[in-house]
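The values are calculated or read from the model by the stated rules, or taken from the named source; none is laboratory data. Note that the structure is predicted; figures quoted are calculated from it, not measured. Positions of Cβ are generated from backbone atoms using ideal geometry, with glycine treated the same way; all protein chains shown enter the neighbour counts. Just so you know, the surface numbers come from the protein's heavy atoms only, side chains and all, with ligands and any DNA or RNA stripped out. Shrake-Rupley method; radii C 1.70, N 1.55, O 1.52, S 1.80 Å.
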Amino acid sequence: MNCELQIAIHSPTERSMMPLSIRLGRIHTYHRSCLNTAKQASVVVASLLFLLLMSLWGQKNAVFSQAIQEATPKESTPLTHSTPILQSSAKSAPSKTLVLIYAVGDNDLSESMLRLLNNAERSADNPNLAIWMMLDGPGEQDSVLYQLQPDTDPNCPSYNDFSCGGRYSEGQNRWQWSEESARPESITQFVTQTLALNGDPAQLILALVGHGSGWSPQRQEEAQVQSSEDPFPGTPGWWQPKYGGLLLDLTPQISSLSTAALGEALNPERLGRSIDLLYLDACSMSMFEVAYELRNDAHYLLASPNWGWAAFPYDQFLSADTIPSGDLDVRTIAESWMSIEANKLISDHYPFTLALTDLTQMAQLRAATDQLADTLRQTLPTNRAMLGTLASQSARYDRDYDGIIDRWDSYVDLADFARRVEGGLEDAASQSAAQQLQTVLATAIVTQTIAGGTPWNFPDQVWAWPNAGGMSIYLPLNRDADEWQRKDYSANALQSARDGAWDELLESWWDTDAPEGPPCEGACPPPAPIPPQDSAENEDLYSYSYHLFSDPLSPHVGEQTNLFLTLHRQGGKQTVEDIKVRFFLGYPYPNEAVGSGTLLGESEIRFLNPRGSDQSTLIPWTPEAAGAYTICARIDPTKRVVEDNEANNVICRTVN
């Protein structure tokens with residue numbers, strides 16, 4: 001899923017990339033042997049009519065045949081998906097960097113995708129790039145492939161004017177594209193055909209933009225019937241909150257990409273080359289299971305383990321200031337993109353996570369994950385309860401998209417879990433395996449950027465990820481909430497489960513079959529809206545990561561830095577006095593059994609009125625070495641103030 005970005009004045013002008021609640025009709029399939037003679041005859045007649053119509057269609061669209069062989073690598077299985085084949089008067093000169101943007105807005109993201117298109121056009125004059133974009137709009141016959149032309153008009157192209165007054169000409173720099181944009185064949189052909197018209201660029205960057213939800217299986221009873229010759233097994237994974245997937249597409253049928261289908265769509269044997277930088281501009285896609293599936297498809301993966309806000313600053317991504325040379329390496333480009341998006345989200349006070357992963361390290365990471373999984377299995381059942389506790393205390397990401405990050409969310413930060421295992425279990429083998437996993441993960445995650453805060457659409461929630469490593473993993477170890485999706489976490493759905501041992505750890509920990517599901521017919525309804533908390537009785541002390549200050553902003557080694565927090569109060573009837581705030585270097589765990597941060601000092605706020613705000617007194621701190629530090633503040637550590645919500649009393653941020 002990818003989620004709504006709302007500007008600072010809080011009008012939802014930039015649309016949400018959250019999953020929609022969609023009720024799907026059951027797909028009925030029939031085996032050929034079930035047809036009687038009469039039915040067979042009707043099928044023959046229908047087939048002849050179909051072939052006649054396709055012949056007429058082929059005469060009208062002559063671009064549908066010859067170039068499919070030119071654009072598809074010879075070693076690939078022939079594709080049967082009807083995607084237009086690009087023809088142009090002349091091929092473009094080979095560019096050193098080719099940027100491809102594949103945006104699926106056939107959903108509630110349609111207007112945001114137009115904004116992305118028009119933003120990208122602003123930098124289409126960058127001579128160091130060739131930029132192509134496919135946009136699937138919200139209706140029928142509105143999927144268009146553009147060879148982007150420079151322009152600053154924010155309202156053109158649009159869904160009512162694809163040519164933008166003639167600036168885009170059919171067959172020259174604009175082509176009608178397939179409506180089935182969530183099918184892997186469409187993505188494969190998008191890449192191969194644009195490559196065919198752009199020579200062999202030194203660097204290939206691909207951005208897949210739309211809704212996402214982390215790992216996603218194909219469920220056989222929900223999927224279309226596919227023959228043994230189908231070149232894309234494992235597709236489609238039907239989009240629902242209960243199933244998820246990538247690139248939700250509502251027309252002509254509701255579908256999305258399963259994890260296996262994503263890997264197949266980008267298979268280098270199909271594309272003719274690997275991708276240098278893959279940006280999954282969607283929610284929850286910085287995930288071990290997804291990254292392992294893509295390990296041979298791309299060098300670097302840029303993605304978020306949590307919600308991905310629809311910021312879409314592609315004008316800055318593609319500008320000559322960001323990419324001043326065609327020789328600029330993709331790692332530098334990716335790090336610049338992270339910085340650009342982070343600055344935009346921070347300025348609008350959005351909590352976010354972004355990570356850049358070196359996919360060449362995924363084999364080593366899977367081996368380290370297997371070692372930890374195998375070691376933990378050997379400690380069961382002795383450490384079963386403790387393992388569940390450590391998992392519940394680990395940093396996690398909003399997997400059910402209800403806006404509340406809690407122990408019910410089973411997307412757990414892999415690095416934080418390993419760190420807690422190292423400090424929370426006593427056996428040396430588990431500690432060693434957890435330490436090794438952290439070492440490998442630190443190499444695989446090239447860089448990450450995280451900022452906690454309050455999402456605009458859940459104003460009573462504070463999201464923070466202290467000690468997070470930038471990659472999640474599926475870890476449903478909650479005895480109070482077994483997940484029926486757990487039965488789909490298997491070798492049938494994921495390459496990581498075929499090759500690795502994490503699924504075996506989950507099976508051993510539960511030691512029982514997953515419950516039947518889903519718990520509701522069709523798509524489950526959305527969660528009930530959170531009631532407004534504006535009553536005087538709703539007492540709550542809270543703050544944000546961007547209200548945890550250091551002075552100076554960038555501390556210097558050996559020099560004193562002053563720390564303070566701006567504290568806010570919701571509700572209440574009386575003025576409260578002498579509110580304490582403790583500052584820590586590291587996270588102040590509620591459970592001291594797994595360690596705690598170093599206490600730097602305790603400050604106070606003399607008094608705070610109902611619905612008021614004030615700053616704490618200063619706490620001095622002198623960093624002893626260069627590097628990144630996690631600074632945390634615990635609000636009202638002795639729980640002197642009785643609050644309705646105690647879960648948002650720890651605020652953290654990273655300072656450098």
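Once the Cα-Cα distance is subtracted from the 0.36 nm per residue extended length, the SER169 to THR575 segment shows a gain of 139.4 nm.
The dipole here belongs to the range 370-501: it is taken about the Cα centre, uses +1 on the Cβ of Lys and Arg and -1 on the Cβ of Asp and Glu, and is about 200 debye.
For the peptides 372-378, 602-608, 286-292, residues were scored by their other Cβ atoms within 10 Å and the scores averaged per peptide; the highest-first order is 286-292, 372-378, 602-608. Sorting 623-632, 431-440 by their mean Cβ neighbour count within 10 Å, with the most densely packed peptide first, gives 431-440, 623-632.
Under the convention that each Lys and Arg Cβ holds +1 and each Asp and Glu Cβ holds -1, the size of the dipole of the range 271-360 around its Cα centre is about 100 debye.
Here GLU180 sits with roughly 60 square angstrom of accessible surface, probe radius 1.4 Å.
Where does each of HIS568, HIS556, HIS299 land when they are ordered by accessible area, with a 1.4 Å probe and the largest first? Numbers along the way, then the final one.
Working: HIS568 25, HIS556 95, HIS299 70 Å².
If we order HIS568, HIS556, HIS299 from most to least accessible, we get HIS556, HIS299, HIS568.
For the set VAL104, VAL576, solvent exposure ranked by accessible area (probe 1.4 Å, protein chains only) runs largest to smallest as VAL576, VAL104.
Ranked from highest to lowest mean number of other Cβ atoms within 10 Å per residue, what is the order of the peptides 195-201, 640-646? Let's see the in-between values first.
Numbers: 195-201: 17.4, 640-646: 14.4.
Per-residue Cβ counts within 10 Å, averaged per peptide and sorted highest first, yield 195-201, 640-646.
A simple count of charges around LEU247, restricted to other residues whose Cβ falls under 10 Å of its Cβ and scoring Lys, Arg +1 and Asp, Glu -1, yields -2. Residue ranking by accessible heavy-atom surface, 1.4 Å probe, largest first, among GLU559, GLU516 comes out as GLU516, GLU559.
Averaged per residue, what accessible area in Å² does the range 291-347 show with a 1.4 Å probe, protein chains only? Write down the numbers at each step before the final one.
Values: 1740 Å² over 57 residues.
I get 31 Å² per residue for the range 291-347.
Summing charges over all other residues whose Cβ lies under 12 Å from the Cβ of VAL650, with Lys and Arg as +1 and Asp and Glu as -1, gives +1.
Taking every Cα-Cα distance in the range 282-424 and sorting them into 10 Å bins starting at zero, the pair-distance distribution P(r) comes out as 10, 32, 34, 17, 6, 1 percent.
The residue list THR353, THR369, SER410 was ranked by how far each Cα lies along the charge dipole of the range 350-490 toward its positive end, using unit charges on Cβ atoms, and THR369 comes out on top.
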